[in-house]
Ligand code: GLU
């Protein structure tokens, strides 16, 4: 980036964020604006693609175990159907907000466009703390939420999936509820289900596997390889723990990991299989309480600024900010989470020569295998694990090379390159379809 380009980017980010505290939807809008500016797209088109097509808010009554009725707030945001049915996960978290779900829905539309699968973008969320709910309460919450959004979801319309704090068990309930209410099998209404009820082999590990594939491709471009590389992973859920395990198998030294309970550090690399076994035994599925010779406990946020070559933020959005971006030591950042880096932090990292594999590419493995699951549901024909792995790797490698070459050609960051490619594809679909009426 030339100094003039840097000034221009800074001005766009400041205008889009309006000096406000960073809000994920404003982050998304700023990212689209930066890409739109590079492509010279007019303001009306950009406004159209930044706005969600439909927002649904529901008040979900749940009979709690103690007999009380609690009313939870839930959302389903349908960002774009220009390239195909809406697609995206459902998040259960106390800090869910409408603007967060709107951002996540927009990122899904871009993610599907960047990896070029025929799906649009959507996202759902419920404001709740699943760690404080019983299995029965979670099931009743999920089934009632499904019933309330059923008018807007469906295998040809909008297909939810897992996200933060949701898993295959919850997806099974979504499928079963839709099936019961519609009175016909509805396997393709949701992805991320268990194998016995229409799930796809390899879906659970797909996001973490994709993170590692993208990391491998990026390191290769930089003349490096995974074996021997020092890595830190923020978040030890479905994305972080699988990525850490695969990296460990490939000979990387995963020296630091963190989750909501804190961080662990070992200068020679943590024993990831032992840590995974500890988490599986822990009632809350936390890394806290794990001990081994040479392992040090650190405050959670310190995992971001460890002395490593590669950092994998795989927790929530807004983690790498203007406050800590100048202290990040990693040369390479591979985003397993959605929206972990704010646009201001991006500019700081770029000025410091750090390379970021953006979320909409790096964590796309999950939705790619969701796409495979949906295709298998529609055909009622199921693939073996090897086929899934091969197709995932070839799709993601092709997408990585597209984003990399486009970035070199235009002299932009990988994020701006990915946003430009996604924007071009979404706008092309809108142009071909035309504006109704
Ligand atoms: N929640 C995942 C994501 O953010 C997966 C979405 C899906 O599979 O539809 O990409």
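The values are calculated or read from the model by the stated rules, or taken from the named source; none is laboratory data. Owing to the predicted nature of the structure, the values given are computational and were not obtained by experimental measurement. Cβ atoms come from the backbone with ideal geometry, glycine included; neighbour counts cover every protein chain shown.
Can you find, within region 162-171, the residue that is surrounded by the most Cβ atoms within 10 Å (Cβ to Cβ) among those that are assigned to a loop (DSSP other than H, G, I, E, B) and touching a strand residue (DSSP E or B) at 6+ places or on another chain (Cβ under 7 Å)? It would help to see each step written out before you state the result.
Initially, region 162-171 is screened for residues assigned to a loop (DSSP other than H, G, I, E, B), giving 163-167.
Imposing the further condition that a residue be touching a strand residue (DSSP E or B) at 6+ places or on another chain (Cβ under 7 Å) reduces the set to 163-166.
Details: 163: 23, 164: 22, 165: 21, 166: 25.
Out of the qualifying residues, it is 166.
Mind checking which residues of region 388-435 are under 30 Å from residue 186 (Cα atoms) and loosely packed, with under 14 Cβ neighbours inside 10 Å? Residues satisfying the conditions are 390, 394, 433.
Among the residues making up region 258-312, those that are closer than 18 Å to residue 235 by Cβ, assigned to a strand (DSSP E or B) and out of contact with any helix residue (DSSP H, G or I) (no Cβ under 9 Å at 6 or more places or on another chain) are 297, 298. Counting only residues that are in contact with a helix residue (DSSP H, G or I) (Cβ under 8 Å, 6 or more places away or on another chain) and either in a loop (DSSP other than H, G, I, E, B) or touching a residue at least 40 places away in the same chain (Cβ under 8 Å) (or both), region 324-340 holds 11 of them.
Report, by residue number, each residue of region 172-189 that is in a loop (DSSP other than H, G, I, E, B) and surrounded by 16 or more Cβ atoms within 10 Å (Cβ to Cβ).
As a first pass, look at region 172-189 and keep what is in a loop (DSSP other than H, G, I, E, B): 183-186.
Of everything in region 172-189, just one residue is in a loop (DSSP other than H, G, I, E, B) and surrounded by 16 or more Cβ atoms within 10 Å (Cβ to Cβ), namely 186.
Just checking, does region 141-149 include any residue being assigned to a strand (DSSP E or B) and at pLDDT 95 or above? No, that holds for no residue. Within region 155-210, being more than 27 Å from residue 131 (Cβ to Cβ), in contact with a helix residue (DSSP H, G or I) (Cβ under 7 Å, 6 or more places away or on another chain) and in contact (Cβ under 8 Å) with a residue 60 or more places away in the chain holds for 155, 158, 187, 188, 198, 200, 201, 202. Go over the candidates 104, 98 one by one and state the one that is more than 11 Å from the ligand (Cβ to nearest atom) and at pLDDT 95 or above. Among 104, 98, only 98 is more than 11 Å from the ligand (Cβ to nearest atom) and at pLDDT 95 or above.
Just give me the residues in region 361-370 being in a helix (DSSP H, G or I) and either near the ligand (Cβ under 7 Å from one of its atoms) or at pLDDT below 95 (or both), in sequence order. Lay out the reasoning, then the answer.
Of all residues in region 361-370, those in a helix (DSSP H, G or I) come to 361-362, 365-370.
Within region 361-370, 366, 367, 370 meet the criteria.
On the basis of being in contact with a strand residue (DSSP E or B) (Cβ under 6 Å, 6 or more places away or on another chain), part of a loop (DSSP other than H, G, I, E, B) and surrounded by fewer than 18 Cβ atoms within 10 Å (Cβ to Cβ), does residue 227 make the cut? No; evaluated as a whole, the condition is false for this residue. Of 387, 373, 428, 424, all but one fail to be assigned to a helix (DSSP H, G or I), more than 16 Å from the ligand (Cβ to nearest atom) and either in contact with a strand residue (DSSP E or B) (Cβ under 9 Å, 6 or more places away or on another chain) or closer than 24 Å to residue 246 by Cα (or both); the exception is 387. Set side by side, the residues 199, 192 differ, and just one is buried (at least 22 other Cβ atoms within 10 Å of the Cβ), more than 19 Å from the chain's Cα centre (by Cα) and not in a helix (DSSP H, G or I), which is 199.
With respect to the conditions (1) away from the ligand (no atom under 11 Å from the Cβ); (2) under 21 Å from the mean Cα position of the chain (by Cα); (3) surrounded by 23 or more Cβ atoms within 10 Å (Cβ to Cβ), residue 146 falls short on a single one, namely (2).
Of all the criteria given as (1) without any contact (Cβ under 8 Å) to a residue 24 or more places away in the chain; (2) under 21 Å from residue 159 (Cα atoms), the one not satisfied by residue 378 is (1).
Just one of the listed residues (350, 344, 387, 373) is over 23 Å from residue 103 (Cβ atoms) and touching a residue at least 12 places away in the same chain (Cβ under 8 Å), namely 373. Residues that are within 18 Å of the chain's Cα centre (by Cα), more than 16 Å from the ligand (Cβ to nearest atom), buried (at least 24 other Cβ atoms within 10 Å of the Cβ) and within 27 Å of residue 101 (Cα to Cα) do occur in region 306-316.
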